[in-house]
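Q: The structure's right below; bear with me while I get my questions together.
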Amino acid sequence: MRPHGSPLQLEARRMRAAELLAKGMRPAEVARAVGSSPSSVARWKEALSKRGVEGLKAKPAPGRPPRLSSPQKKKLLKVLLRGPLTNGYSTDLWTLKRVAEVIERTFGVRYHSHHVWTILHGLGWSCQKPERQARERDEEAIRRWRREDWPRIKKSP
């Protein structure tokens, strides 16, 4: 199982292990010091002897690179925080289809609306359902009813 941490954090842990090995510590002691298994330290020691420090460096993540870079995602967040009305939509509600349109218009990158959810979730957004209220709602009448009628209607203990 892959340990927790970014590739750079894991690389730093391997480099720290290499320093401790260079000082003459045994692999079991190094494993305890860096929070790893002795077998991993043995693998790192072998990679260090065969390829040097290059053998301990982080390798690039496999798979297709993301179509939106980190700076573009930050810019997207700023655009979305301005709201749908500012972006030319008639209501103040973001939908996945609308966000996909904004991404295509802003960055020239086309996403299916279902994949947009993955991007939004990565930005810390969550699904929200707008609360429905009647257009004719009269807040003052509701307050008056709660103050005067509700105590009269409510069952007493």
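A short reminder: the numbers here are calculations on the coordinates, not readings from a lab. None of the values given here were measured: they were computed from a predicted structure. Here the Cβ is made from the backbone with ideal geometry for all residues, glycine too, and neighbour counts use every protein chain on show.
Q: Take the residues in the stretch 121-140 that are small (Gly, Ala, Ser) and exposed (fewer than 10 other Cβ atoms within 10 Å of the Cβ); name whichever of them is nearest to Lys74 (Cα to Cα).
A: Going residue by residue through the stretch 121-140, those that are small (Gly, Ala, Ser) are 122, 124, 126, 134.
From the residues that got through so far, the ones that are exposed (fewer than 10 other Cβ atoms within 10 Å of the Cβ) too are 124, 126, 134.
Details: Gly124: 12, Ser126: 17, Ala134: 36 Å.
Only one residue tops the list, namely Gly124.
Q: Answer yes if at least one residue in the stretch 96-115 is in a helix (DSSP H, G or I), among the charged types (D, E, K, R), free of Cβ contacts under 8 Å to residues at least 12 places away in the same chain and touching a Phe, Trp or Tyr at 6+ places or on another chain (Cβ under 8 Å), and no otherwise.
A: Scanning the stretch 96-115, I find at least one residue that is in a helix (DSSP H, G or I), among the charged types (D, E, K, R), free of Cβ contacts under 8 Å to residues at least 12 places away in the same chain and touching a Phe, Trp or Tyr at 6+ places or on another chain (Cβ under 8 Å), so the answer is yes.
Q: Does Gly52 satisfy the condition of being free of Cβ contacts under 8 Å to residues at least 40 places away in the same chain, assigned to a helix (DSSP H, G or I) and either basic (Lys, Arg) or out of contact with any helix residue (DSSP H, G or I) (no Cβ under 9 Å at 6 or more places or on another chain) (or both)?
A: Yes.
Q: Output the residues belonging to the stretch 80-93 that are surrounded by 12 or more Cβ atoms within 10 Å (Cβ to Cβ) and closer than 16 Å to Gly122 by Cα.
A: The answer is Leu80, and nothing else.
Q: Assuming Pro84 fulfils every condition listed in (1) touching a helix residue (DSSP H, G or I) at 6+ places or on another chain (Cβ under 8 Å); (2) farther than 30 Å from Arg132 by Cβ; (3) in a loop (DSSP other than H, G, I, E, B); (4) not hydrophobic (A, V, I, L, M, F, W, C) apart from one, which condition is it?
A: (2) is the only condition that Pro84 fails.
Q: Would you confirm whether any residue within the stretch 128-136 is without any contact (Cβ under 8 Å) to a residue 60 or more places away in the chain, among the small types (Gly, Ala, Ser), on the phi > 0 side of the Ramachandran plot and not in a helix (DSSP H, G or I)?
A: no
Q: Condition test on Arg13, is it farther than 16 Å from Gly55 by Cα and out of contact with any Lys or Arg (no Cβ under 9 Å at 6 or more places or on another chain)?
A: no
Q: Here's a follow-up. Could you please find all residues in the stretch 97-115 being touching a Leu at 6+ places or on another chain (Cβ under 8 Å) and not small (Gly, Ala, Ser)?
A: Scanning the stretch 97-115 gives Val99, Val102, Ile103, Thr106, Phe107, Val109, His114.
Q: Name the single residue, out of those in the stretch 52-68 being within 28 Å of Leu21 (Cβ to Cβ) and among the hydrophobic types (A, V, I, L, M, F, W, C), that is surrounded by the fewest Cβ atoms within 10 Å (Cβ to Cβ).
A: Among those residues, the one meeting the criterion is Ala61.
Q: Moving to a separate point now. Failed condition for Leu21, given (1) buried (at least 17 other Cβ atoms within 10 Å of the Cβ); (2) under 33 Å from the mean Cα position of the chain (by Cα); (3) among the hydrophobic types (A, V, I, L, M, F, W, C), with all others met?
A: Leu21 satisfies every listed condition except (2).
Q: Across the stretch 137-157, what is the number of residues that are outside any helix (DSSP H, G or I) and closer than 25 Å to Asp92 by Cα?
A: At the first step, the residues of the stretch 137-157 found to be outside any helix (DSSP H, G or I) are 137-138, 154-157.
The next check asks that each one be closer than 25 Å to Asp92 by Cα; those that pass are 137-138.
Going through the stretch 137-157 one residue at a time, the tally reaches 2.
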